[in-house]
Amino acid sequence: MGHESVRLTMFPICLDKLQFCPQGRPVLADVDLVLGPEGITAVLGPNGAGKSVLLKTLAGLETPTGGRIAWNGGLAPGGRIAMVFQHPILLRTSVLDNVILGLKPLALTRREIRQRGLEMLDRVGLADRAVDSARHLSGGERQRLALARCWATRPRLLLLDEPTAALDPTATEAVEHLIREIRTDGTKVLMTTHNLGQAMRLADDVVFISEGRIREHTSNADFFARPRTEDAKRFIQGELPWRIAFTD
């Protein structure tokens, strides 16, 4: 009961005129955004648009230079946040130890930590690699391990920064499957991707950002069928390997 009550206190997440301007250079400029508690939100936009910085500010890895983030009306998130990068940082130790690392701050016994770690490795298809060194994993296996490490902590918000950019199609499919499972398990997912096919497959809604500003936030279907801004139309046409006809 206590765990579930915590999971309800983070949302909505409201970004109000959020700014990030290191050395006076605007990376995020007056970002207004409201995120609900469910589903997968894809953050799309050209290189340098501010996508990764947006995720890092939500993770607390960057400090905004203006504006505010309200977590269900409060100044601090009432639940766990986890983030996975394109190239995850792993310990030079066993696969299981990498998962256990994220569980140590939790109020669990050593037996419970080990058991949950093994369960998570089973869910991501790495149970047979538990005692192997993480540095011997392939790129796709490393990303699945990074997801397992975060998923094991039962985060309320999972931030994914280009989670499959360096992976082949088979590894990408496996990671996408896990992202869907994590969403189904009750975690809100906010992810950046340059793969518009992936956004079409996974996202419930799309945030389009350009030059540090949110240009659109709408449903997946509406974004790809009826983008409202010329920036979004050009981005979609330029990124997809096929031409797309927009509806009115």
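Brief remarks follow.
- Segment R226-T184, length gained on full extension (0.36 nm per residue, minus Cα span): 12.4 nm
- Dimensionless Rg ratio for the range 65-105, taking C-alpha atoms and the 2.2 N^0.38 Å reference: 1.70
- Centre-to-centre separation between the Cα atoms of the range 112-129 and those of the range 192-206: 28 Å.
- Rough spin-label spacing in nm, given labels placed 7 Å along Cα→Cβ, for E239 and T9: 3.6
- Principal semi-axes of the equivalent ellipsoid, √(5λ) from the alpha carbon gyration tensor of the chain, are 31, 22, 16 Å from largest down.
- Euclidean distance of C-alpha centroids, the range 173-190 and the range 22-85, integer Å: 20
- Sequence-distant lysines (8 or more away, or on other chains) whose Cα lies within less than 29 Å of K51: K17, K188, K233
- 9 Å beta-carbon shell around W151, net charge (K/R +1, D/E -1): +1
- Computed from the C-beta positions of L118 and T247, the FRET efficiency with R₀ = 35 Å rounds to 0.10.
- Extension gain for the segment S219 to T170, taken as residue separation times 0.36 nm less the Cα-Cα distance, is 14.9 nm to one decimal.
- Dipole size of the chain about its Cα centre, with +1 on Lys/Arg Cβ and -1 on Asp/Glu Cβ: approximately 660 debye, rounded to the nearest 20.
- Simple spin-label estimate for K104 and K17 gives 4.3 nm between the two label positions (7 Å along the Cα-to-Cβ direction from each Cα).
- Beta bridge orientation in the chain: antiparallel %, DSSP, nearest 5: 50
- Simple label model, 7 Å out from Cα along Cβ direction - Q86 to E38, nm: 3.3
- Stretching R135 away from A76 to a fully extended chain increases their span by 17.7 nm, per 0.36 nm per residue minus the current alpha-carbon distance.
- Rounded to the nearest 500, the helix-only mean residue ellipticity at 222 nm of the chain stands at -10500 deg cm²/dmol, with each DSSP H run of n ≥ 4 adding -39,500 (n - 2.57).
Bear in mind that the values in this text are calculations on the coordinates, not laboratory data. Quantities reported herein were computed from a predicted structural model and do not represent experimental measurements. Every residue, glycine among them, receives a Cβ derived from its backbone with ideal geometry; neighbour counts consider all protein chains shown.
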